[in-house]
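Scroll down for the structure; my scribbles are underneath it.
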Amino acid sequence: TTGGAESSSVTVNGNLTATTIVLDKDTNDSSLIIAGTDTTIAGTIDGADTGEGILKITGAGTTISGEVGLGDTDLASIDVNATTTFSSATEAVAYTVDADTTFTGAVLANTSFAVATSGTDVTLSAASNTGATTLASGTSITANGILTTADTTVTSGKLYLEKASNVVDNIILAGTAE
């Protein structure tokens, strides 16, 4: 989609297979909204340039099987509002996760990663960098790979770090407390 002088969006209510979906901001935002239930999106989703495009998921049971926004085609944001599985690596400036989500590939949040809705559980299965990470009350992140964050704020949420069986002492918490 191309943003042009107005914001533009495409809503997908069923399965979609594409080689590449490009979200081009131009002047205003360009969005891809996945609204169908039990929907699979196959193919790469990219911004036309770094920090362009919004991926919003509102349909429960969504699977995104291709890479999303890696390198100089990272998205402006990934906004998850319904149960979702990402099967490959994802990259965006900001993530907002408001529903149970599994990230099988690496997560690269260039600025922030927020889990904002109580009862939301997020699983990170690969080494990930979540930038400034915020966990609201009643939320959790389970990291099964190396997790790097710029700053983590936990307001009654839970952060679970799994120690790899083949690595000794791989959980390091460093920082300052005030």
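The values are calculated or read from the model by the stated rules, or taken from the named source; none is laboratory data. As the structure is a computational prediction, the values presented were derived from the model and not from experiment. Counting neighbours? That spans all protein chains shown, and the Cβs are built from the backbone with ideal geometry, glycine included. To get the accessible areas, we keep the full protein, side chains included, count just its heavy atoms, and leave off ligands, DNA and RNA. Shrake-Rupley method; radii C 1.70, N 1.55, O 1.52, S 1.80 Å.
Note on the range 16-36: among residues that are in contact (Cβ under 8 Å) with a residue 40 or more places away in the chain and of a type outside the set (A, V, I, L, M, F, W, C), the one that is surrounded by the fewest Cβ atoms within 10 Å (Cβ to Cβ) is ASP29.
Matching residues to (1) basic (Lys, Arg); (2) modelled with pLDDT under 95; (3) farther than 17 Å from GLY47 by Cβ:
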site	(1), (2), (3)
THR63	no, no, yes
THR102	no, no, yes
ALA114	no, yes, yes
ASN144	no, yes, yes
ASP151	no, yes, yes
LYS158	yes, yes, yes
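Residue count for the range 57-78, restricted to those that are out of contact with any Leu (no Cβ under 7 Å at 6 or more places or on another chain), touching a residue at least 24 places away in the same chain (Cβ under 8 Å) and assigned to a strand (DSSP E or B): 5.
Tallying residues that are surrounded by fewer than 21 Cβ atoms within 10 Å (Cβ to Cβ), among the hydroxyl-bearing types (Ser, Thr, Tyr) and within 18 Å of THR101 (Cβ to Cβ) within the range 37-57 yields 2.
Okay, residues lined up against (1) open to solvent by less than 20 Å² (accessible area, probe 1.4 Å); (2) free of Cβ contacts under 8 Å to residues at least 12 places away in the same chain; (3) under 16 Å from GLU91 (Cβ atoms); (4) part of a strand (DSSP E or B):
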{"site": "GLY119", "(1), (2), (3), (4)": "no, no, no, no"}
{"site": "ALA126", "(1), (2), (3), (4)": "no, no, yes, no"}
{"site": "THR134", "(1), (2), (3), (4)": "no, no, no, yes"}
{"site": "SER137", "(1), (2), (3), (4)": "no, no, no, no"}
{"site": "ILE141", "(1), (2), (3), (4)": "yes, no, no, yes"}
{"site": "THR152", "(1), (2), (3), (4)": "no, no, no, yes"}
{"site": "SER156", "(1), (2), (3), (4)": "no, no, no, no"}
{"site": "LEU159", "(1), (2), (3), (4)": "no, no, no, yes"}
